[in-house]
Amino acid sequence: MPAAHRFEQLGAQAARLAEVDLKSMLQADPARAGDFAVRAGPLYASFARQGYDRAALDILFDQLAAVDGPGRLRALFAGETVNPTEARPALHTALRGDLTHETVARDAHAQAQATRSRMRGLIAALAASDVTDIVSVGIGGSDLGPRLAVDALSAPTPDRFRVHFLSNVDGAAAQRTLAGLDPARTAVLLISKSFGTQETLLNGAILRQWLGDDERLYAITANAERAASTFAIAPDRILPMWDWVGGRYSLWSAVGLPIALAIGADRFDELLAGAAEMDAHVLDAAPRDNLAAWHALTAIWNTNARGLATQAVMPYDERLKLLPNYLQQLVMESLGKSVKLDGSPVGVQTVPVWWGGVGTDSQHSFFQALHQGTQIVPVDFIGVARGDDPYRENHAALLSNLLGQAEALANGQASADPHRAYPGNRPSTMILLDSLTPRSLGALLALYEHSVYLQALVWGINPFDQFGVELGKQVANRLLPAVHGEAVADDVVTRALLAELVKLKPAK
Ligand SMILES: O=P(O)(O)OC[C@H]1O[C@](O)(CO)[C@@H](O)[C@@H]1O
């Protein structure tokens, strides 16, 4: 059946269910609570509060079968060219496990292992030195994953190194990062797959000058030549990346060095093991028992059957507050496409806008709109069963808020006063972690990676390129002389704005 018909079938299911709310679906079929849930390693996820029923789910799972989900997952792990627009495999799974006997994947895994042993040597050398602080310079995929994992997994007081991150090209970011740091006790990691990223090159130059000593400057890159030529970094201080790892899938590689420095190499290995455990689950579990399949098909349901334009993610754990930022890149850079692999239009909506914030803070900012606004926003709630802080009553309150918000959004509450009525019927997925450990975080992030891949399969798009970010960079580069006042911009609006910037700039 052509893809367009499959999406029409989904639309018909949504139309059939339009007048049925979650509360009555659960009343009619209470077994949903147990049946619409999947456990995988340290994670448990409930989809019982999504607006599909069993018949609609059948159609959704047919979608995955029609694009050979299981077969295409095997192709991903085996190192087939799943990124055809750049003629590459995407072997992030080989960075953390050895799940295929195919030569390409095995070679990739061996290279990753060799690099991990170099990382261990480097960490040991830094631990034996006077270095107390690490500044990790990188942006996008060379920043968001390490930043999230360091924030999520670091002890309340640093074990050995204080790890800082610098990404924005705004000089204020460099100024703030460096304030209070001692160059003699700081090591700098320049992380850039391409070593051609403006932000990282400019900030790298600032850091190199500030350090005043090349001995504590390291690079993680797939372009060792450029690192050596622009920053004179010696080969023993350059760790490799490879073109078969996408930037936003790279925290498992040497890009994760800030993580290993912050939490130790053993715990970094546990993060990889947690991801590998999820990989094995996703590869082996039948579609109906497969967490990534459920998650991906839920996204397809909300986007294509229900036409919902945004998706929120709400971690109820302070340590996961950077998860929404990380997922914005993973999901939106991967799935923000409008053409299929053959260049033809997708013809249906692809990625919604991903956004979110930490619970309970977000309840006091935008939850009003989730409960009573006109836009329906599906939510991924993320909770952690065991808290690790000593404040037990706070953790109980946190969990009751997590459960309470999801229940209130789903069930609503009638009132004679329309201002005080809660419509309910607002969908959410609940993802629970046993505790926040390297293992569970690894599993959670790998789950999202695989969900993204499966969504891409259903839409027929390439989740591994990101040409959309290039044009803005090119225009910005062209405009640099005009910002310096050395050229005139071609575009009439940009020209007017540049003139205003000159007028607005206060004289010193
Ligand atoms: O690691 P690099 O090459 O500096 O690139 C940084 C980021 O820039 C992008 O290419 C575009 O934002 C991302 O995909 C990538 O993670």
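For the chain, what's the relative contact order in percent, using C-alpha pairs closer than 8 Å and at least 6 residues apart? Write down the numbers at each step before the final one.
Values: 826 pairs, mean separation 98.4, N = 508.
For the chain, the relative contact order is 19 percent.
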Sequence neighbours fewer than 8 away in the same chain don't count; with that in mind, list the aspartates and glutamates whose C-alpha is under 14 Å from K321.
-> D151, D361, D380
For the chain, share of DSSP beta bridges that run antiparallel, in % to the nearest 5 | 25 percent
Where a ≥ b ≥ c are the square roots of the eigenvalues of the C-alpha gyration tensor, would you call the range 366-409 rounded, which needs a/c under 1.5, or, failing that, prolate if a/b is larger than b/c, or oblate?
-> prolate
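Starting from 0.36 nm per residue, how many nanometres of slack lie between R478 and L399 once their C-alpha separation is accounted for?
Separation in residues times 0.36 nm, less the Cα-Cα distance, equals 23.3 nm.
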For the pair A487 and T81, how long in nm is the line joining their label points, each one 7 Å along Cα→Cβ?
-> 3.5 nm
Not counting the cut sites, what is the longest span of the chain without GluC sites (Glu not before Pro) that DSSP labels loop and that have at most 12 other Cβ atoms within 10 Å?
-> 20-485
For V135, enumerate residues with amide H under 5 Å from its amide H, sequence gap 5+ or separate chain, H modeled in the peptide plane.
-> H164, A187, V188, L189
Report, to the nearest 10°, how far helix 392-411 tilts away from the longest principal axis of the Cα atoms in the chain, using its own Cα long axis and a range of 0 to 90°.
-> 50 degrees
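All of the numbers you see were taken from the coordinates with simple rules; none came from a lab. Owing to the predicted nature of the structure, the values given are computational and were not obtained by experimental measurement. Cβ: placed from backbone, ideal geometry, glycine included. Neighbour counts: every protein chain shown.
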